[in-house]
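Structure, as structure tokens:
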Amino acid sequence: MTQSVSIAQPAQKAQAKKWALDSGWGRSLLQLAAVVAFFAIWEGAARLGWVSNFLVGSPAKILDALVRDAHSGQLFTDTGYTLFEAILGFVFGTAVGSVCGLALWYSPFVARLIEPFIVAINSVPKIAFAPIVILWFGTGLISKVALAISLTAIVALIAAYEAAKDADPDLQALLVTLGANKNDVFTKVVVPSTLPYVISTFRINVGFGLVGAVVGEFISSEHGLGHMIFTASSLYDLNTVWEGLFVLMAIGFVLYFLIDLIERRLLPWRQASNANTLKV
Amino acid sequence: MSVQLALRNIRKSFSNKHGTVDVLGGLTFDINERDFVSIIGPSGCGKTTVFNVIAGLLEADSGDIVYRGQTVEGLRGKVGYMMQRDLLLPWRTVLQNVLIGPELSKMPIAQARETAMEYLNTYGLAGFENAYPRMLSGGMRQRVALIRTLINDPDIILLDEPFSALDYQTRLYLEGVLMEAVETFHKTVVLVTHDIDEAVALSKRVVVLGGRPSQVKKIYDIDIAARSPIGARSDPNFSGYFHALCGELDIQTEVGSA
């Protein structure tokens, strides 16, 4: 009796503890604590002179920069530009890439024909296109969007094509026996089964959209977070550089969760839990 | 009994880099109206190939398919195909899956919906019409697949080991459901299986394939009166057929390994 109690108790305790930390609130609390600790140590180190204020900056001064730019409105203009360029690039690039990738399903011949060209284009670091893109499209908004498209389109194209190629042949055969033509098979099997892969490229491409916008701004621009970071770094204004980086991080974060929301909307069948499986 | 579908000297070979494999070496057999024919044979004898030829998914190298007196290419749109995998579209609900056939043949959707709901009620799936396939058990999914096959009102139902992934109880139950549906809707069924027990219990006739490339080795008429899976298995004639068919397949393995 006593033995069974002494065994049961620690197990129960451990389980209760694990549950508390692994719950939504417990996790958020830990994550928040880590962020606070990180900035506290950084700030402390900067104030105590362990690290150079000049080279590393400090959270308090980053906050000052943030407040300053928010007050002047500069922050919102720059964020707006970058966000607009990134989203435009992401939407167009992903849409064009996905549609082309899916369309290649129709003709394995064309797909095999252009495969080496796609591989060749994909193997060039797209950032290297930036100078040409600026020459062609000027220093304005269009060149940044074009750069973002060049980054996102190829990712979407390859993912969509690979997924469409792997669409379950048995499902396609089943539809054919039910009297489906090629377009039916495409719209009712290939597109829906490719959708999860296309959406998973959204996550990657949101990041690439931002990369395209910011790199374009680095090279030549008058607005945007990339412009802000580039100008500040040439003036050795590290705190403003950090300000731009943190805003970029926040944008990426928000966009990521937006994609998550879109995914839930578009793929309700993936959310269907199998917890309440019923046995015949 | 009149012949519904006749296969005449069907040949099919597959070729790849390493050479050509003759799979079907001139198959000839008839399927009658309202027949229940099982095709058995050693693995790799081309059972599924026969199906794909009948369904119009593969073209035979030579030979004729005669359907109700007319030579046809294949029975696309006229057959219902059920496989070991239920092949439900995971992104569609149960009801949407059932309605895929009517949708493709542009049937009036309201009427098809009503029929679908009747079927779902009959087969114990009422209340699950808006569930996604992954929420259902294997037996339930296979019943949805059966309804999807039946609702299209096919002339011939092709079953490619449809129950072999299920546990024995579910399987007996679904065999019963199938037998009943076939009787009610007067369907012709062709069943491919390597389960001799299932072939004898369900069929009116069993076609044994053998050899390489495969040919029809023998056709058994199964004289079992009972029309339920358990009843048929208890019939005095059952074990006789069972042993005879086991014998047929054993001879094949010896020839194959020599």
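The values are calculated or read from the model by the stated rules, or taken from the named source; none is laboratory data. Model, not experiment: these values are computed from the prediction. Quick reminder, even Gly has a Cβ in these numbers, built from the backbone with ideal geometry, and neighbours come from all protein chains shown.
Pairs needed: first member in the stretch A:176-187, at positive phi; second member anywhere, buried (at least 17 other Cβ atoms within 10 Å of the Cβ); C-beta distance under 8 Å; at least 6 residues apart or different chains. These pairs meet every condition: A:Gly179/B:Gly77; A:Gly179/B:Gly101; A:Gly179/B:Leu104.
Conditions tested, residue by residue: (1) crowded, with 16+ Cβ neighbours inside 10 Å; (2) more than 19 Å from the chain's Cα centre (by Cα); (3) modelled with pLDDT of 75 or more; (4) closer than 29 Å to B:Ala60 by Cβ.
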position: B:Ile219; (1), (2), (3), (4): no, no, yes, yes
position: B:Ile222; (1), (2), (3), (4): yes, no, yes, yes
position: B:Ser228; (1), (2), (3), (4): no, no, yes, no
position: B:Gly231; (1), (2), (3), (4): no, yes, yes, no
position: B:Asp235; (1), (2), (3), (4): yes, yes, yes, no
position: B:His243; (1), (2), (3), (4): no, yes, yes, no
position: B:Thr253; (1), (2), (3), (4): no, yes, no, yes
position: B:Gly256; (1), (2), (3), (4): no, yes, no, yes
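Might you let me know whether the stretch A:242-256 holds any residue that is at pLDDT 80 or above, surrounded by fewer than 18 Cβ atoms within 10 Å (Cβ to Cβ) and among the acidic types (Asp, Glu)? No: the stretch A:242-256 contains no residue that is at pLDDT 80 or above, surrounded by fewer than 18 Cβ atoms within 10 Å (Cβ to Cβ) and among the acidic types (Asp, Glu). Counting only helices (runs of 4 or more DSSP H) that fall entirely inside the stretch A:85-204 and contain at least 2 residues that are surrounded by 14 or more Cβ atoms within 10 Å (Cβ to Cβ) and more than 14 Å from chain B (Cβ to nearest Cβ), the qualifying elements are A:108-123, A:130-137, A:141-165. Here B:Pro133 does not qualify as out of contact with any Leu (no Cβ under 7 Å at 6 or more places or on another chain) and either at the interface with another protein chain (Cβ under 9 Å from one of its Cβ atoms) or surrounded by fewer than 19 Cβ atoms within 10 Å (Cβ to Cβ) (or both). Selection of the stretch B:173-189 for residues being acidic (Asp, Glu) and touching a residue at least 12 places away in the same chain (Cβ under 8 Å) yields B:Glu175, B:Glu183. Looking at the stretch B:127-136, can you tell me whether even one residue there is part of a strand (DSSP E or B), within 24 Å of A:Val190 (Cα to Cα) and in contact with a strand residue (DSSP E or B) (Cβ under 8 Å, 6 or more places away or on another chain)? There is at least one residue in the stretch B:127-136 that is part of a strand (DSSP E or B), within 24 Å of A:Val190 (Cα to Cα) and in contact with a strand residue (DSSP E or B) (Cβ under 8 Å, 6 or more places away or on another chain). In the stretch B:105-114, of all residues being out of contact with any helix residue (DSSP H, G or I) (no Cβ under 6 Å at 6 or more places or on another chain) and assigned to a helix (DSSP H, G or I), the one that is nearest to B:Met135 (Cα to Cα) corresponds to B:Arg113. Do we find that A:Pro268 is surrounded by fewer than 18 Cβ atoms within 10 Å (Cβ to Cβ), within 11 Å of chain B (Cβ to nearest Cβ) and within 20 Å of the chain's Cα centre (by Cα) in this structure? Against the criterion (surrounded by fewer than 18 Cβ atoms within 10 Å (Cβ to Cβ), within 11 Å of chain B (Cβ to nearest Cβ) and within 20 Å of the chain's Cα centre (by Cα)), A:Pro268 does not qualify.
Answer yes or no: is there a residue in the stretch A:102-124 that is touching a strand residue (DSSP E or B) at 6+ places or on another chain (Cβ under 9 Å), under 25 Å from B:Phe51 (Cβ atoms) and not hydrophobic (A, V, I, L, M, F, W, C). Checked the stretch A:102-124: no residue is touching a strand residue (DSSP E or B) at 6+ places or on another chain (Cβ under 9 Å), under 25 Å from B:Phe51 (Cβ atoms) and not hydrophobic (A, V, I, L, M, F, W, C).
Residue-wise test of (1) among the aromatic types (Phe, Trp, Tyr); (2) within 21 Å of the chain's Cα centre (by Cα).
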| position | (1), (2) |
| --- | --- |
| A:Glu43 | no, no |
| A:Gly57 | no, no |
| A:Gly89 | no, yes |
| A:Trp105 | yes, no |
| A:Leu113 | no, no |
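Kindly provide the set of residues from the stretch B:52-100 that are within 12 Å of another protein chain (Cβ to nearest Cβ) and basic (Lys, Arg), ordered by number. Hits for the stretch B:52-100 are B:Arg76, B:Lys78, B:Arg85, B:Arg92.
B:Ser214 falls short on exactly one of the conditions (1) more than 15 Å from the chain's Cα centre (by Cα); (2) of a type in the set (Gly, Ala, Ser); (3) surrounded by fewer than 21 Cβ atoms within 10 Å (Cβ to Cβ), and that condition is (3).
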